[in-house]
Amino acid sequence: MTLNLKYGILGVLLLALLTGCATTTSPTGRRQYLALSDSQLDQMGARAFSEMKMQQPVGKDARQNAYVQCVVEALVKQLPTELRSVPWEVAVFVDDTPNAFALPGGKVGVHTGIFKVAENQDQLAAVLGHEIGHVYARHSNERASRQVATSTGIQVLGALAGVRYGQTGADLVTQGGGMAVQLGILLPFSRVQETEADDIGQRLMAQAGFDPRQAALLWQNMIAETAGSGRTPQLLSTHPDPQNRIQELQKAAPSLMPVYEAERRAGNVPQCGN
Ligand SMILES: [Zn+2]
């Protein structure tokens, strides 16, 4: 292929991509640049999640599954309608590291190791509220969009063009597991996104009737676990400056107490167990 033709194709792909770009506002009022649609991200999230379920042992403990499910449901109830209506799904992975994540498309994963640091339902809600906050604020889309904007790789553009022009789910599956990773949906988030997910998560907690003061305690437990095991859990290594975020969460808790108390008075009292 001649160089001109190559650039020609690249140009068409770029144009296709750019015409689909949108500037939106995050739930905390931050301007965002998004190159992909929600449904594209949902599709990628769902696919990454099914790959994970095939590759990693999934816990069969019914009580544990119900516990996580209950906390997720309570938090999801506080989201806008369009987000509530995606098929939310929960999996508990048998893995001793204290980790959890949420992917676009409503896919929530929890490692069994999380139960070592989340001592009660409020602390579990703190982790999951944070992770769901990333989904609510479209952080994966932001990240993937940046990746696309800075990438010169024609495969990325090609993959996206394929998705844009009505590629089917089956096509995507045969394309191999690389795309979710390639587009950055499984990569760490930025500092700004982390802070935003903390804000959103703690508010979701209070609105769902979970004690927002427990968020700071969860991260303290996470740090203690690090000191005990001698290795840094992924949730800490990918989430910058733990001491500072604990302070921020402590500072924000009093202003969320009225929300929490009003919800409790109104009968919004989650009983997920533990
Ligand atoms: Zn995070």
Practice task
Enumerate the aspartates and glutamates that Lys116 could reach by cross-link, defined here as Cα to Cα under 17 Å, with residues fewer than 8 away along the same chain left out.
Solution key: Asp61, Asp95, Asp96, Glu225
Problem - Virtual spin-label span in nm between Leu187 and Met54, 7 Å along Cα→Cβ - result: 2.4
Exercise for the section: Would you order Phe93, Phe210, Phe115 from fewest to most other beta-carbon atoms within 10 Å of each residue's own beta-carbon? Expected result: Phe115, Phe93, Phe210
Exercise for the section: For each of Trp219, Trp88, count neighbouring Cβ atoms within 10 Å of the residue's Cβ, then give the residues from fewest to most. Expected result: Trp88, Trp219
Exercise for the section: May I ask you to derive the relative contact order of region 77-116, considering only C-alpha pairs under 8 Å and at least 6 residues apart, and to give it as an integer percent? Expected result: 39
Fill in the blank from the handout: Ranked output for segments 224-232, 125-133, 62-70, 189-197 by mean other Cβ atoms within 10 Å, highest leading, reads 125-133, 189-197, 62-70, 224-232
Practice task
Could you line up Ile200, Ile246 from fewest to most neighbouring Cβ atoms inside 10 Å?
Solution key: Ile246, Ile200
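Here, each number is a calculation from the coordinates, and none is a lab measurement. All of these numbers come straight from a predicted model, not from anything done at the bench. Because the Cβ atoms are built from the backbone with ideal geometry, glycine has one as well, and the counts that use them run over all protein chains shown.
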